[in-house]
Every structure is written in structure tokens, then in C-alpha cells.
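A.B. asks: Here's a structure for you.
The values are calculated or read from the model by the stated rules, or taken from the named source; none is laboratory data. Not measured: the values here are computed from a predicted model. Here the Cβ is made from the backbone with ideal geometry for all residues, glycine too, and neighbour counts use every protein chain on show. The accessibility values were calculated without ligands, DNA or RNA, using every heavy atom of the protein model including side chains. Shrake-Rupley method; radii C 1.70, N 1.55, O 1.52, S 1.80 Å.
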Amino acid sequence: GCVLVVSVIEQLAQWHNSTVKAAMERLCNYIPEHNGLCLCTISFSITREMNADVVCHSLKLCKQDPGQPLCHLYPPPKKEKHSPGLFYALTHAGPKHQIISKSFMGFSSICTFPLLANLCEKIKYVIRNKLPFEDFDGDKFSTFPTLRGYHWRGRDCNDKNTNVYPGRRPDNWDVKSDSNCNGIWGVDPKDGIPYEEKFCKGADSQGVVLLGDSAGAHFHIPPEWMTVTQMSAKSFANLPMAFSDELDWPQFSEITGFLNSTIGGWTDSLYLRLRKRNRCNHRDLQNISQNGMLTFFTFVVWFFFLARNQLLDNPAIVIYATIGNDVCNGNRDTLAHMTTPKEMLSNVMKALRYLDSRLPNGSHVILTGLVDGRFLWDNLHDRYHPLGQLNRDVTYSQIYSFLDCLQVSPCSGWLTPNETLRNLTSERALQLSNVLKEIARSEKFANFDIFYMDFPLRQTAEEWRKMGGEPWQLIEPVDGFHPSQIAAALGTSITWQKALHEWPQVLGKENPFNDQIEAIFKDQGGH
């Protein structure tokens, strides 16, 4: 974190030809409600051999543990007097930087800042519980967008009534009120038939539920946050919302996205296509994804956080997609910490048996295979990271090595120059995918049928090439690991076409009354 912030400050000073103090003030002024973050801005001197690694080590915000390598993002400064460059720079830079330690003192504990303390407590709650922070009736749906609110689950239309929520079967055909929040209720004055009965009866209404990892939650760090040539106050306008959503953007995601993307690309999702196919499916979505989700935790997550009543609610299409974390970790002995095929089988079967006890009859489950992450290194390793574009001095290979040295790499097995390790990681991913494929082939459940599909990375890349794009554009530019907005939208199209051709029963039939429903909404002002 320190290396990132100091790098941005140094580059801001360079780009605007200003002092470091002016650059720090500029960055503080960019950040919303910045007074609580930037406690003081005291100038510090930087010579050419004092890069961000040197500054942060001399401030004691970066350290070298006994027996561990000295981690650095930038190439070490040139050697002087036969001394190692970085060590020499550290021993000669310390006194100059002690004065600004107060400026960064709270950096490692950002939640101590008064303006962020309350938000941090809320974020800790939702990370721990995966449920909306503001949910007054306790039905697991909310009228508030972030903090696991309606960006993650369909928007509640009555947060004071636990019997009103998206996805339930209509109460008495919703004659008097909208019990399932799809906007369809009341009685047609022409014939006395309730609108819900007229338009939605027998329409195969169903919701979509995703249990996934950070890819499913759509993890994204805006590149303009660290690209000084693009940086302005506008760049950070979405900062509070992004942190309140754990740096995830489920409202634009491949499975449950429903808003027009503001982070590049476009939004296309399974939910939007199901809603277009049957307008009665409006708001029936749940994204129960978690950054770092492993199959080991899926049973626990579903047990506490899935909102589906077997007797009262519509069936659902459940997407089970933990596409990488079972082989991805930041450990030095990464292979030893990967999920084994035996563990995968046990974890997934436990989760599926629980789902069978919760999902309404007629539901569907789609198991998604793991990605082949060799795509990441092959397409990014020699490209410049946003942090290195100004001076052409930081490649993704350097970023990967820095994170791996710190033992916080999102995937030591794939984000490595070691080709043998990359191949072994992909081999394990294929073994785990084959477990899922066999489960879908051989297992039967009472309340849902089950299908398997490979993660469509290869098809997505081919489709993007046909559109004139480059493969690296399918990867998040800041973390160099997650699928980008473009990849998410293209993946939706590929998944939908596969379902139409191979599992048409999963998608339900097209509602012939969609146009009439939309016409009535327009007549009523679009509500």
C-alpha cells in the first residue's frame, strides 16, 4: 500500500512538474471527504536513487522479516561503493524521511480515521455476514445499494414486511400490493383479472443466483486511481461506493449485472437476458460471491446467506462458479495448498445436498469449470502496468514478483515466470473441473437438474479477436488477474448461446405478454 501511494505521489509531482508536497495536496484534494484521510502533508526530499521502495522501507512501513527476501517493486538503485543498491539507499535515506512518518502513520490502519471508522465497521459486518447492512425486516433484501444491498440482490420494495421480497410467488396474485417486487400488481379494470395472473401465470418465472468468487462479484480497481495522466477529482468520485461494495461491482457483472457499466465496456448478464425473456423475472437476482471464495466455504455461505424459500418462492437458476481460488493462493509452496480432487468432490456434494433441501422444485444448477490461468502470464507479463506507464518502468511481471515476494499474490501458481509451475497449476485446475463434470453427469437431485460448462475463456478471446480486440483487454488492468468488463459481457453471450442450444429447458419459455407489460409500465410513468 505504501509503495503504491508513494509511487502515485512521485508521479503526480513529475507529471505536473511540482513539489512532492504539492503532489500530496493534489492527491488529497482528489479524494472525496479527504480531510479525514490526509492528516498532514509535509514535504520530503527524493533523490533519483530514492524510489517508492526506498521511501517506504525507510519509513518502516515496509520491512524485511528475518530469513525472508527484501521485497521491492522497482529495480534496485545502482550500486555504489560496492554495496548492494537497495540496501545502500535504505541506509542513507532513513533520516530524510522520518519527518513524514506521521503523514502515513494511519495508512496501515485506515479505519482509525474518524470519517472512515463508521464505514469500516459496516464493511466488516457485511464481509463477515454477506448480508445487507440495512435490512429492516430481515428478509435478506434491501432498499440500499451498497454494503451487500441491491447491487448484490434484487431491490426490496417494502423493507418493513418480511413477506415482501424479490423472487417469491405472488400472494393472492398480488391483487392489492406487489409481494414479489417485480412491479406487476393490481387488477385489470377491463376484465377484473389480476395483472400478475394474466401476465405471469404459467410463465416459468425463475430467479438467478450466483455463488462465486471475486470474478463472480466482479472485482475491479479503476486504473485511473493510479494512472496520473488520467487522474482528477472525477477519477475518485466512485471511491466511497467502491469500498462499500468491497471493490466489487456486481451491478455490472456477468451473471447478475443490471446497470449500465460505468467502468468501461458494456453490461450484459444472465439476469438481464432472463428478464428480457420473461418480464415477470424482474429483480429476482442474488449474487452471493465473496473475494477469495473456496469450495470449502460454499456450504457455509449458502446455509446462512441464500434467500430462497422452498415452499413460497419461484425456482432459480443457480450458477456455481469458483473459477480459480481452489488452485490459487499466495503461499510459497502453492501446490501443497491447492484443493485436491477428493476435497473438491466432498465440498461440492455437501453444498449441492444442502441446495436440494432449499431450492424450490424445478430449479437448475450449472457448475462452471475452472479457468486456465496461463492466459494471464502469456498475455500480460511483458506489458506495462498502469503504475509503470508514465516512465515505462513497471511491468506486470514485476507486479507479480513483488506480490509473490510479499506472499500476497492472488495466484502464485499462475502469476509466475516458472512455466513448469504454471502448467502444474493448470493441470490441477483441469482435474478439479473434471470432478465437477463427473458430478453433473452422474448425480441426481430431487429439486433441481444439474449441468456443467467449461469456463468460456478461449471462446471469449476468439470472439474478441473477431471484433478487433486484443487478448490482454480481457483482463483487469490493475490487478492483472480478474476478467474485465469486456470479458464479462462477452462471456454472457457465449453462455446464453450454449444454454439455448443445449439446455433450452433451463432458460424457460419466452413470455408472450412482455410487450403488454412494458406498455402498461410506460403508461404509468415507467415505475
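A.B. asks: Out of (1) within 22 Å of Gln290 (Cα to Cα); (2) free of Cβ contacts under 8 Å to residues at least 40 places away in the same chain; (3) polar (S, T, N, Q), the odd one out for Thr146 is which?
C.D. replies: The one condition Thr146 does not meet is (2).
A.B. asks: Also: Given the condition among the acidic types (Asp, Glu), under 29 Å from Gly265 (Cα atoms) and within 20 Å of the chain's Cα centre (by Cα), answer yes or no: does some residue in the range 510-526 qualify?
C.D. replies: First, pick out the residues of the range 510-526 that are among the acidic types (Asp, Glu): 510, 515, 518, 523.
Among the residues that remain, those that are also under 29 Å from Gly265 (Cα atoms) are: 510, 515, 518.
Narrowing the set further to residues that are within 20 Å of the chain's Cα centre (by Cα) leaves none.
Taking every residue of the range 510-526 in turn, none turns out to be among the acidic types (Asp, Glu), under 29 Å from Gly265 (Cα atoms) and within 20 Å of the chain's Cα centre (by Cα).
A.B. asks: Mind listing whichever residues of the range 231-253 are of a type in the set (S, T, N, Q), open to solvent by less than 30 Å² (accessible area, probe 1.4 Å) and not in a helix (DSSP H, G or I)?
C.D. replies: Result: Ser253, single match.
A.B. asks: For Pro166, which of the numbered conditions (1) part of a loop (DSSP other than H, G, I, E, B); (2) closer than 18 Å to Gly257 by Cβ; (3) open to solvent by 10 Å² or more (accessible area, probe 1.4 Å) fails to hold?
C.D. replies: (3) is the only condition that Pro166 fails.
A.B. asks: Further, regarding this structure: Taking only pairs six or more apart or across chains, which ones have beta-carbon atoms under 6 Å, a first residue in the range 264-290 that is under 21 Å from Ala307 (Cα atoms) and touching a residue at least 40 places away in the same chain (Cβ under 8 Å), and a second residue that is part of a helix (DSSP H, G or I) and open to solvent by 30 Å² or more (accessible area, probe 1.4 Å)?
C.D. replies: From the range 264-290, the pairs are Asn281/Arg275; His282/Arg275.
A.B. asks: Just for the range 20-38: of the residues that are surrounded by 14 or more Cβ atoms within 10 Å (Cβ to Cβ) and not in a helix (DSSP H, G or I), which one is modelled with the lowest pLDDT?
C.D. replies: That would be Leu37.
A.B. asks: Quick one: what pairs do we get from the range 185-210, first residue open to solvent by less than 40 Å² (accessible area, probe 1.4 Å), second of a type in the set (Ser, Thr, Tyr), C-beta under 7 Å, 6+ apart or different chains?
C.D. replies: Going by the 7 Å Cβ cut-off, the qualifying pairs are Gly186/Tyr195; Asp188/Tyr195; Val208/Thr256; Val208/Tyr271; Leu210/Thr256; Leu210/Ser289.
A.B. asks: Name the single residue that is nearest to the chain's Cα centre (by Cα) among those in the range 301-336 being over 19 Å from His364 (Cα atoms) and surrounded by fewer than 20 Cβ atoms within 10 Å (Cβ to Cβ).
C.D. replies: Selected residue: Gly330.
A.B. asks: A further question on this structure: Please give the helices (runs of 4 or more DSSP H) falling wholly within the range 462-527 in which 1 or more residues are closer than 30 Å to Phe402 by Cβ. Even if it seems obvious, please write down each step before you answer.
C.D. replies: Details: elements: 485-502, 504-507, 514-523.
Correct list: 485-502.
A.B. asks: Quick one: count up the residues across the range 169-184 that are in a loop (DSSP other than H, G, I, E, B), open to solvent by less than 70 Å² (accessible area, probe 1.4 Å) and without any contact (Cβ under 8 Å) to a residue 24 or more places away in the chain.
C.D. replies: Here the count works out to 4.
A.B. asks: Could you say which residue among Arg422, Arg441, Arg428, Arg458 is surrounded by fewer than 16 Cβ atoms within 10 Å (Cβ to Cβ), touching a helix residue (DSSP H, G or I) at 6+ places or on another chain (Cβ under 9 Å) and outside any loop (DSSP other than H, G, I, E, B)? Steps first, answer last, please.
C.D. replies: On the way: Arg422 fails: surrounded by fewer than 16 Cβ atoms within 10 Å (Cβ to Cβ); Arg441 fails: touching a helix residue (DSSP H, G or I) at 6+ places or on another chain (Cβ under 9 Å); Arg428 fails: surrounded by fewer than 16 Cβ atoms within 10 Å (Cβ to Cβ).
Only one candidate qualifies: Arg458.
A.B. asks: Take Gln251 and tell me if it is closer than 25 Å to Leu367 by Cα and touching a strand residue (DSSP E or B) at 6+ places or on another chain (Cβ under 6 Å). Explain how you work it out, then say what you get.
C.D. replies: On the way: closer than 25 Å to Leu367 by Cα: yes; touching a strand residue (DSSP E or B) at 6+ places or on another chain (Cβ under 6 Å): no.
In short, no.
A.B. asks: Looking at Thr267, Thr256 in this structure, which one is among the hydroxyl-bearing types (Ser, Thr, Tyr) and surrounded by fewer than 24 Cβ atoms within 10 Å (Cβ to Cβ)? Before the answer, list the steps.
C.D. replies: On the way: Thr256 fails: surrounded by fewer than 24 Cβ atoms within 10 Å (Cβ to Cβ).
None of the other options fit; the residue is Thr267.
A.B. asks: Are any residues in the range 337-377 open to solvent by less than 20 Å² (accessible area, probe 1.4 Å), assigned by the TED database to the domain that holds Leu500 and in a helix (DSSP H, G or I), and if so, which ones?
C.D. replies: Matches in the range 337-377: Met344, Val348, Met349, Ala351, Leu352, Leu355.
A.B. asks: Tell me, yes or no, whether the range 467-489 has at least one residue that is open to solvent by 40 Å² or more (accessible area, probe 1.4 Å), out of contact with any Cys (no Cβ under 9 Å at 6 or more places or on another chain) and more than 23 Å from Ile263 (Cβ to Cβ).
C.D. replies: Within the range 467-489 (the criterion being open to solvent by 40 Å² or more (accessible area, probe 1.4 Å), out of contact with any Cys (no Cβ under 9 Å at 6 or more places or on another chain) and more than 23 Å from Ile263 (Cβ to Cβ)), the answer is no, since none of the residues qualifies.
A.B. asks: I would also like to ask the following. If we scan the range 378-397, do we find a residue that is outside the structural domain of Thr229 (by the TED database), buried (at least 21 other Cβ atoms within 10 Å of the Cβ), of a type in the set (Ser, Thr, Tyr) and under 24 Å from the mean Cα position of the chain (by Cα)?
C.D. replies: yes
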